[in-house]
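The values are calculated or read from the model by the stated rules, or taken from the named source; none is laboratory data. Values in this document were obtained by computation on a predicted structure and should not be read as measured data. Please note: Cβ atoms are built from the backbone with ideal geometry, for glycine as well, and neighbour counts cover all protein chains shown. Areas reflect the complete protein model, heavy atoms only, side chains present, ligands, DNA and RNA absent. Shrake-Rupley method; radii C 1.70, N 1.55, O 1.52, S 1.80 Å.
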Amino acid sequence: MKKIILLLLAVITFNTVSGQSKKKQILLLGTFHFENPGLDVAKINSFNVMSDRSQKELENIANKIKKFGPDKIFVEWNYQKQDKLDKFYNRNTDSLLHKQSDEIVQVALRSAKKLGHKKLYGIDYNNTDFPYDSLVKGMTAAGQFDLIKKNEETMKYYEKSQNEKIAKYSLTELLLDINTKKSNEDNIGWYVETATKGGKTDDFVGAYLVSEWYRRNLYMYALIQKLTESKDNKIMVLLGAGHTAMIREFVEHNPEFEIVELATVLK
């Protein structure tokens with residue numbers, strides 16, 4: 001019992017000391033996929049980020065990020081293929097900006113070049129499973145028809161609301177909306193409210209899917225920690241909004257970091 005108390009006191013003391021030191025600022029920039037391959041469960045319409053209006057907005061966003069001044073920018077690229085990311089980053093910048101519409105080019109690379117960075121840092125971990133079809137089969141086998149209905153309604157509502165925003169909002173408005181507290185909560189809510197319930201009592205297909213999702217994000221967070229050096233005062237993480245919602249949860253329990261909101265950077 002004494003050992004447990006001493007350990008708790010040590011943890012509390014360490015966290016207090018850590019909290020008093022200067023925290024590293026982290027900008028979590030969640031986004032939709034600019035080049036929508038249609039691989040996500042929810043089917044969201046494409047948004048033209050190559051239009052003149054969007055390109056002007058992207059220039060403004062990149063200038064604001066430059067003013068924020070992150071020392072490193074982390075992106076949704078397989079960390080095991082960093083060499084390919086390095087080669088990609090060193091290609092002709094103007095050509096990439098005019099031909100590639102994905103968010104890594106249009107936001108991360110554009111910003112990193114303005115900052116004079118030598119590279120982007122890939123942190124995606126892809127060796128996980130996402131058995132959505134098995135989840136639906138597990139719900140059906142368990143006779144969870146109310147849960148199936150709730151799941152379908154949730155997906156339809158998300159698709160409808162996002163597609164309405166895509167038709168109405170500017171790119172900047174879309175990104176600000178995606179990075180609100182409500183959006184972050186919605187991105188996590190489906191996993192812990194619906195997916196985990198899927199399957200019979202002895203079938204944890206839903207919980208397994210969620211654990212794999214957590215694992216992917218936790219591994220990305222671990223890479224952020226490992227690649228952030230003591231000399232780095234500010235960092236930026238550009239990932240799909242579902243990922244940044246999870247990373248936010250991890251960061252909020254780490255006294256070494258403080259989150260800087262996108263709305264603050266873009267004001």
Worksheet item: Under a 5 Å amide H to amide H cut-off, with H placed in plane at 1.01 Å, what residues pair with G240 once short-range neighbours are removed?
Response: T31
Worksheet item: Using a Gaussian network for the chain with springs between C-alpha atoms less than 10 Å apart, which of these wobbles most: H117, H33, H253?
Response: H253
Item to complete: Subtract the Cα-Cα distance of D71 and E153 from 0.36 nm times their separation in residues, and report this length gain in nm to one decimal.
Response: 25.3 nm
Discussion item. Leaving out ligands, DNA and RNA, and with a 1.4 Å probe, what % of the accessible surface on the chain is carbon or sulfur?
Written reply: 54 percent
Practice prompt. List the residues whose amide H sits under 5 Å from the amide H of G122, counting only those 5 or more places along or on another chain, with H placed 1.01 Å from N in the peptide plane.
Written response: V75
Practice prompt. Calculate, in nm to one decimal, what H253 and T140 gain on full extension: separation in residues at 0.36 nm each, minus their alpha carbon distance.
Written response: 37.0 nm
Worksheet item: Mind checking which of D232, D71, D146 has the largest fluctuation in a GNM of the chain, springs on alpha carbons under 10 Å?
Response: D146
Worksheet item: Can you list, largest first and rounded to whole Å, the semi-axes you get for the stretch 140-213 by taking the square root of 5 times each eigenvalue of its Cα gyration tensor?
Response: 30, 14, 8
Worksheet item: Where does each of 216-224, 125-133 land if you order them by average Cβ count within 10 Å, highest first?
Response: 216-224, 125-133
Worksheet item: Rolling a 1.4 angstrom probe over the protein heavy atoms, how many square angstrom per residue are accessible across the stretch 83-230?
Response: 55 Å²
Worksheet, complete the sentence: For the stretch 115-267 (alpha-carbon point model, no solvent) the Debye-based log₁₀ I(q)/I(0) at q = 0.15 Å⁻¹ works out to -0.94
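Please list, by residue number, every one of the GluC sites (Glu not before Pro) in the stretch 204-267 that is coil in DSSP and has at most 12 other beta-carbon atoms within 10 Å.
For GluC sites (Glu not before Pro) across the stretch 204-267 that sit outside H, G, I, E and B with at most 12 neighbouring Cβ atoms in 10 Å, the list reads E229, E252.
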Discussion item. Among K160, K23, K99, which one shows the highest mean-square fluctuation when the chain is modelled as a Gaussian network with alpha-carbon springs under 10 Å?
Written reply: K99
Discussion item. How large is log10 of I(q)/I(0) for the stretch 178-227 at q = 0.24, 0.25 Å⁻¹ when the intensity is taken from the Debye formula with one equal scatterer per alpha-carbon?
Written reply: -0.90, -0.93
Response to the item:
Across the alpha-carbon set of the chain, Rg over Rh with Rh taken as the Kirkwood radius works out to 1.00
Worksheet item: What value, in deg cm²/dmol to 500, does the helix sum -39500 (n - 2.57) over DSSP H runs of n ≥ 4 give at 222 nm once divided by the residues of the chain?
Response: -18000 deg cm²/dmol
Discussion item. Just to be sure I understand the model, the point goes 7 Å from the Cα along the line to the Cβ. What's the resulting K23 to N48 distance in nm?
Written reply: 4.2 nm
Item to complete: Compute the FRET efficiency between K56 and D86 as 1/(1 + (r/R0)^6), taking r as their Cβ-Cβ distance and R0 = 25 Å, and round to the nearest 0.05.
Response: 0.30
